[in-house]
Amino acid sequence: MSHRKLPASEHAVAHKLIYLARRNPDIAASEFGEAWRSHSRLASTLGTNFSRHFTRVRQCIKAYETKAPDAFSNTFDGAAILTMKSWDDLRAARQHPDALTTMRNDESRVFAGPVADWTTAVEEIFVAGEPQGSAALLWFARCRPDAGGERDVAAAWQAVGTDVATEWRAAGASGIALNRVVESPGPQVAFAGIAEFWFDDVDVARAAAWQECPAALRTREVDPSASVSMLVRINFEKRPSA
């Protein structure tokens, strides 16, 4: 898929790798957090040659203990958000020898399948506030089969970003990030956009979860029934040194 930059907000454009995670079925939900953290600790042993491509790593684990609306019920256990230094760094990280060997070899211990099968490359198209906190609502929006495609969704999201930010800041969000999908590994992850709504804690995020996803993001191009909503809390976070 070609990479074409869209106009961004006043913030510098950020590129990210985001993947949905399912735990190895042999790992209990209560043990998945530590298993996933150990996977990241393994990455830390690879040295700065690998970590230099990242500015931030966030593992977001499903808030199993928190009652959420039915729309948040799915078979995923979390999502990782890896912020890259640049588009070139994103490419380099995906092809790094340690990513293709050491990390990939450890994935079968932690996850139900290869991470690459559920990893999308995205570009921020709108940011408001500080997209950080200990909890988040994530929305992976999928296009309708007869829709115009990812670019139409991205353009629509950019246009309504300020209104969405105002609505969700009123609901307690510390910040939001709207991302357009640049590359996807296949139809099972054929999302058009990924929205991040960040909160200071799980309780505030849970209260906001009972609000319907902003109608402004449900463009005619998006199929809500095929999209994925998640209420998550931070399981692991690091900011590799420059």
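Taking region 23-39 as the range and being assigned to a loop (DSSP other than H, G, I, E, B) and farther than 20 Å from P114 by Cβ as the test, only A28 passes.
Apart from one condition, T120 fits all of (1) in contact with a strand residue (DSSP E or B) (Cβ under 9 Å, 6 or more places away or on another chain); (2) hydroxyl-bearing (S, T, Y); (3) surrounded by fewer than 19 Cβ atoms within 10 Å (Cβ to Cβ); the exception is (3). Summed over region 172-206, residues that are surrounded by fewer than 19 Cβ atoms within 10 Å (Cβ to Cβ) and either aromatic (F, W, Y) or closer than 15 Å to S229 by Cβ (or both) total 0.
All conditions but one from (1) surrounded by fewer than 19 Cβ atoms within 10 Å (Cβ to Cβ); (2) touching a residue at least 12 places away in the same chain (Cβ under 8 Å); (3) not charged (D, E, K, R) apply to S73; the one that does not is (2). Taken over region 31-62, the criterion of being free of Cβ contacts under 8 Å to residues at least 12 places away in the same chain and either touching a strand residue (DSSP E or B) at 6+ places or on another chain (Cβ under 7 Å) or within 24 Å of L138 (Cα to Cα) (or both) is satisfied by E31, E34.
Of everything in region 160-186 that is aliphatic (A, V, I, L, M) and more than 16 Å from E123 (Cα to Cα), the residue that is farthest from the chain's Cα centre (by Cα) is A170.
What do you reckon, is A190 under 17 Å from the mean Cα position of the chain (by Cα), modelled with pLDDT under 90 and closer than 18 Å to I18 by Cβ?
Criteria met by A190.
Against the criterion of being more than 23 Å from A21 (Cα to Cα), of a type in the set (K, R) and either free of Cβ contacts under 8 Å to residues at least 24 places away in the same chain or touching an Asp or Glu at 6+ places or on another chain (Cβ under 9 Å) (or both), R218 qualifies. For region 187-239, a tally of residues being in a strand (DSSP E or B) and of a type in the set (A, V, I, L, M) returns 9.
Candidates are the residues of region 40-74 that are of a type in the set (A, V, I, L, M, F, W, C) and assigned to a helix (DSSP H, G or I); the one that is modelled with the lowest pLDDT is F50. Across region 215-234, a minimum of one residue is classified as surrounded by 20 or more Cβ atoms within 10 Å (Cβ to Cβ), closer than 18 Å to F76 by Cα, under 18 Å from the mean Cα position of the chain (by Cα) and among the charged types (D, E, K, R). Name the residues in region 44-70 that are surrounded by fewer than 20 Cβ atoms within 10 Å (Cβ to Cβ) and of a type in the set (D, E, K, R), would you? The answer is R52, R56, E65, K67, D70.
The values are calculated or read from the model by the stated rules, or taken from the named source; none is laboratory data. Just so it is clear, the model here is predicted, and its values are computed rather than measured. Glycine gets a Cβ as well: all are built from the backbone with ideal geometry, and neighbour counts include every protein chain shown.
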